[in-house]
Every structure is written in structure tokens, then in C-alpha cells.
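The values are calculated or read from the model by the stated rules, or taken from the named source; none is laboratory data. This structure is a prediction, so every number in the text was calculated from the model and none was measured. Here the Cβ is made from the backbone with ideal geometry for all residues, glycine too, and neighbour counts use every protein chain on show. Each accessible area value is taken on the protein alone, full model and side chains, heavy atoms only, with ligands, DNA and RNA left out. Shrake-Rupley method; radii C 1.70, N 1.55, O 1.52, S 1.80 Å.
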Amino acid sequence: MSTVNFLLSVKPSHRSQQDDVRDDIQSLGAVVEQNLSSLGIMTGSVSKENFEKLKAVSGVEHVEIEKEVR
């Protein structure tokens, strides 16, 4: 099973529940590497099959595949 790294932003209205959003995406098999609650941002990895499912999690504003910067 191949994985992708992601960058996810949490809706401002859900920032106080960011830990709940983290738990919900982890239930989809995501591994959260950073949870920057003051910024409403999380980074991590998830299987390619479940990547699109992250977008449907309550409180997720935006999610994208992390791009490599050189």
C-alpha cells in the first residue's frame, strides 16, 4: 500500500476542536506528524486510497499532497 504526505488546514470554526479533527483523520489510517494547533495546520501521511476521504472529515478546510521543495 503506497502512502502520500499531506498538508491539511482546519476551518477556523473548528480550531478549538483540532484534536477531534486529528482523531477523525487518524481513524482513516492517517499518521499525523505535526499538529500545529495555533496555526490550524497538520502534516502527516495517509494511504493513497484514503487521501480523498480526508476532505470529507468535519472541520477540514483544505488538504493537499505535500510538494517537495528543492
Rough spin-label spacing in nm, given labels placed 7 Å along Cα→Cβ, for S38 and S2: 3.7 nm
Difference of contour (0.36 nm per residue) and Cα-Cα distance, S47 to R15: 9.0 nm
Qualifying aspartates and glutamates (Cα of each under 16 Å from Cα of K55; at least 8 residues distant if same chain): D20, D23, D24, E64, E66
Over the chain: helical MRE at 222 nm, DSSP H runs n ≥ 4 each giving -39500 (n - 2.57), nearest 500: -6000 deg cm²/dmol
Whole-percent carbon and sulfur share, accessible surface of the chain, 1.4 Å: 48 percent
Percent RCO, i.e. relative contact order, over the chain, from Cα pairs under 8 Å lying at least 6 residues apart: 47 percent
